[in-house]
Structure formats: structure tokens, C-alpha cells
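Structure first, commentary second.
The values are calculated or read from the model by the stated rules, or taken from the named source; none is laboratory data. Source: prediction; values computed, not measured. Glycine also receives a Cβ, built like all others from the backbone with ideal geometry; neighbour counts cover every protein chain displayed.
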Amino acid sequence: MPMQAESLEVLENAAVPPAQARAIVRAIEIELTGARDTLATKHDLLLRRQEMLQMGADLRQEMAEMGADLRQEMAELGAGLRKEIAEMGAALRVEIHATASGVARQMYLAVLGQSAVMLGFAYFVATQLR
């Protein structure tokens, strides 16, 4: 880094001997050169800002893609569940119908059996009373 003439002039105007002024300016330049690794300039901050904006855009894009994938998976899962529920409903209706048919058959057999017993009792009573 070249020595700034203005820096030398300022020190010389402050009654600092030229050799000392050169040494002070050179020491400051060395410190500033070493500090470039640790200090951020406006340009460095602008670059970091642009990088962060790009990362934010990339993150938003990735989140949008993940959201679309999630919505697709949820739609597929919902369709699968609706299909399973419909199949289970149909199977349940068949089972309920079979059970109801069995119960109705048993009820009719019970009524028929009860009627036979009543007729038998009536026949017995009628034959014994004559």
C-alpha cells in the first residue's frame, strides 16, 4: 500500500519530524493491511448482503418445492384413505346385511316354533276336553 502524501503533510504540519512521520504512516499502513482480514468494508458487507438475499431466495424456492411435494403427498394419502374408507364401508354394509338376514331368519324360526308349540298346546287341550 503506497504511502499517502496527505498523511505525511498532516504529521509534518503538526511539527513531527519527517522520519518519524514516515514511520508513523508506514506503521498505520501495516496495521490497516493486517486488519483487512478482520475488518469488513462496505463492499464486503454489500457482498454478504447479496449472498444472504440469494440464500433467502434459494431457501424460499426450496420451501415452496417442499410445500408442493407435501401437498401432493397429502392429496395422495387423502385419496388412498377415501378409497379405503369406501371399501370398508361397502364391506361393512355387506356384513350388516348378512347379520340382519341371519337375525331375521332366527326371528322367523322362533315365531314358527312358538306357533307350533301353541298349536300343539291347543290341540292337546281340545283333545282332552272332549
Considering each of Leu39, Leu81, Leu109 in turn, give the residue that is outside any helix (DSSP H, G or I) and among the hydrophobic types (A, V, I, L, M, F, W, C). Leu39
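Taking the criterion of being charged (D, E, K, R) and at pLDDT 75 or above, would at least one residue in segment 2-18 satisfy it?
Looking only at segment 2-18, we keep the residues that are charged (D, E, K, R), and these are 6, 9, 12.
Those left that are additionally at pLDDT 75 or above: none.
No: zero hits.
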Only one residue in Arg60, Arg130, Arg93 is surrounded by 10 or more Cβ atoms within 10 Å (Cβ to Cβ), over 20 Å from the mean Cα position of the chain (by Cα) and among the charged types (D, E, K, R), so which one is that? Arg93
Residue check for Ala86: closer than 30 Å to Glu6 by Cα and either β-branched (Val, Ile, Thr) or part of a helix (DSSP H, G or I) (or both): no
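Quick one: would you say Val125 is within 60 Å of the chain's Cα centre (by Cα), part of a helix (DSSP H, G or I) and of a type in the set (Val, Ile, Thr)?
No.
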